[in-house]
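Here the structure is laid out as structure tokens; the discussion comes afterwards.
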Amino acid sequence: MWPLLLWLMLLPMPAQTPAPVVYRLALEDEPITPATFRFIRRGLREATENGAVCLVVEMDTPGGLVEATRDIVQLFLRSPIPIVVYVTPPGARAASAGVFITLAAHVAAMAPGTHIGAAHPVQLGGGPAAPPDTARVDPMSEKILNDAVAWARALAQYRGRNADWAARAVSESQTLTAREAVAQNVVDLLAPSLDSLLVLLDGRNVALDGQSVTLQTAGATVHTIERWWGERILAALSNPNIAFLLLMLGFYGLLFELYTPGWGIPGTLGAIFLMLGFYGLSILPVNYVGLALLVLGLGMLVAEAFVPSFGLLTVGGVVCLILGGLMLVESPMGFPKVSAALVVPVALATALIALFLLGNALRIQRRPARVGDETLIGQQAVAREDFVPEGDHFQGYVFIHGEWWRACSTAPVRAGQPVRIERREGLCLWVSPIAST
């Protein structure tokens, strides 16, 4: 018995296979922007470097920018590891740009209660591209539409999905629920949770660089990739409402500095806000007519202080600010615009602040000077000593505004007698005595 136990103990133990690792990142109800692309690219790089089985992108998006969507699609098509797009949680959607991203994934999955579709392109200018069968077809709209249809069809064919529906999702803005999408081979899996998705993925074959790869996700350890603070700032700046608000705050700061002496914290913060706002605009689909209206509106508010317009410039400035704010950011592929609920109050507040600051500046300019000769001439001072004869006049010292001044007079002056300042010559004040009553 003992020799058998000793022999069993000396047998080599089988090597334990480490649990597979799955990396996960979440796009929670956010538009697709360059910041989104950078986040996904970093997540894919970390997942690849750490030997992840796959990268799961949990997505809920209303759409986004075409260029950022193309960058993400190219990233998926060239990925060294499988990409799984999972439309979740219930109530989420893969709309507009989200359709293309879902079609480009190696595996596409949806949670119950989600939907996908409505990928009709929207031109810069806000209007949807006209379908090609209308009586009057805008050539540019037709080109945009045909390009998007071909792109969606090509992605669906490349991943072996329903290319006809992908084309209709673009040309006719069709949508499907999660169950309908699985039934029509638009997506691959229906999974109520991430754990159930990993179970369904286990043993599934996907094409990767022309080779078949079997996913091993059973019992996998899930590692969540979070945004670092820089990515959070970039994501916030890509929000049209934040960019518009930063522009207005920057205007407030600079306006305050223009009508107050020196340079301080408001001007510094205003310059920083303007730079951040312009950076946000650089990654957004900006309508330059809207931007021009914003500049015109701000110019009208400033000009109100110098032109007697009886309030017409203020009214025109507010109207230009409202129209410019609403037109500032286009809405291609579901990208959100600046909210009217933000633009109108900010425009009215800007008008009030501008009028308040400019009004204060005018009142300060109209006040009598508080420095120089103008503050002394005509003022009363008090002689601190008896004036002594000095040639053809009398000379002594007076006290005014907390200062001692050498004073000259053509008449005698006694100590403590009030005098009126007539003029200043160099460092000497010429005064005349005030008779005591």
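Derivation of every value follows stated rules applied to the coordinates shown; laboratory data play no part. All values derive from a computational prediction rather than experimental measurement. Please note: Cβ atoms are built from the backbone with ideal geometry, for glycine as well, and neighbour counts cover all protein chains shown.
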Arrange the peptides 312-325, 206-219, 58-71 so that the one whose residues have, on average, the most other Cβ atoms within 10 Å appears first.
58-71, 312-325, 206-219
Reduced to Cα centres, the span from the stretch 34-78 to the stretch 222-297 in Å works out to 26 Å
Cβ neighbours within 10 Å, averaged per peptide: list 415-428, 186-199 in order, most packed at the top.
186-199, 415-428
So if I take the alpha carbon set of the stretch 28-70, get Rg, then get Rh from the Kirkwood formula, what is the Rg over Rh ratio?
1.02
Which residues in the stretch 64-90 place their backbone N less than 20 Å from a point set 7 Å from the Cα of Thr48 along the Cα-to-Cβ direction?
68-86
For Trp228 and Ala341, compute 0.36 nm times the residue count separating them, minus their Cα-Cα distance, and round to one decimal in nm.
37.7 nm
Please label the shape of the stretch 52-117 as rounded, prolate or oblate, based on the square roots a ≥ b ≥ c of the eigenvalues of the alpha-carbon gyration tensor (a/c under 1.5 means rounded; beyond that, a/b larger than b/c means prolate, else oblate).
oblate
